[in-house]
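Everything on this sheet refers to the single structure shown next.
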Amino acid sequence: MDYHLIGLSIIFFISFYFIGMKKYIRWLSRWKQFRVKDQERFAQLVGTYLLVVGAALLISGFLDYPYENAIIYVFTLGYGDLLTVYISNHILE
């Protein structure tokens with residue numbers, strides 16, 4: 001059991017609540033609010049990312065499997081990169 005991953009997943013769940021549910025996109029420092037065409041869809045996409053990664057970290061915190069760190073690293077960065085490219089092409093002006 002890895003308590004660091006469990007704590008990190010709680011941070012992701014809290015971020016999901018404020019960004020995905022409450023729509024506080026001003027917390028995302030890289031994205032400027034005036035450039036976002038559809039703020040509802042943007043918050044939904046980022047919130048879904050935070051929820052999925054938080055769930056993956058929570059599961060990884062309880063399970064121990066080989067190459068756990070590499071798999072989590074590749075999953076979060078790969079999903080994040082694909083999401084960033086999609087948002088840049090479809091959501092931003």
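Here is the figure for the range 28-70: residues that are part of a helix (DSSP H, G or I) and either touching a residue at least 12 places away in the same chain (Cβ under 8 Å) or more than 18 Å from residue 83 (Cα to Cα) (or both) total 29.
Does residue 10 satisfy the criteria of being open to solvent by 60 Å² or more (accessible area, probe 1.4 Å) and at pLDDT 95 or above? Judged against the criteria, residue 10 is a match.
Kindly evaluate residue 46 against the criterion of being loosely packed, with under 11 Cβ neighbours inside 10 Å, of a type in the set (Val, Ile, Thr) and on the phi < 0 side of the Ramachandran plot. Criteria not met by residue 46.
Candidates in the range 50-75 are the residues that are open to solvent by 30 Å² or more (accessible area, probe 1.4 Å) and hydroxyl-bearing (Ser, Thr, Tyr); of these, the one that is farthest from residue 36 (Cα to Cα) is 65. Within the span defined as the range 32-39, every residue fails to be among the hydrophobic types (A, V, I, L, M, F, W, C), modelled with pLDDT of 90 or more and either touching a helix residue (DSSP H, G or I) at 6+ places or on another chain (Cβ under 8 Å) or under 30 Å from residue 64 (Cα atoms) (or both). Open to solvent by less than 40 Å² (accessible area, probe 1.4 Å), among the β-branched types (Val, Ile, Thr), in contact with a strand residue (DSSP E or B) (Cβ under 9 Å, 6 or more places away or on another chain) and touching a residue at least 40 places away in the same chain (Cβ under 8 Å) - does that describe any residue in the range 83-91? For the range 83-91, residues open to solvent by less than 40 Å² (accessible area, probe 1.4 Å), among the β-branched types (Val, Ile, Thr), in contact with a strand residue (DSSP E or B) (Cβ under 9 Å, 6 or more places away or on another chain) and touching a residue at least 40 places away in the same chain (Cβ under 8 Å): present.
The values are calculated or read from the model by the stated rules, or taken from the named source; none is laboratory data. Source: prediction; values computed, not measured. Every residue, glycine as well, gets a Cβ built from its backbone with ideal geometry; the counts of neighbours run over all protein chains shown. Remember, those area values only see protein heavy atoms, side chains included, never the ligands or the DNA or RNA. Shrake-Rupley method; radii C 1.70, N 1.55, O 1.52, S 1.80 Å.
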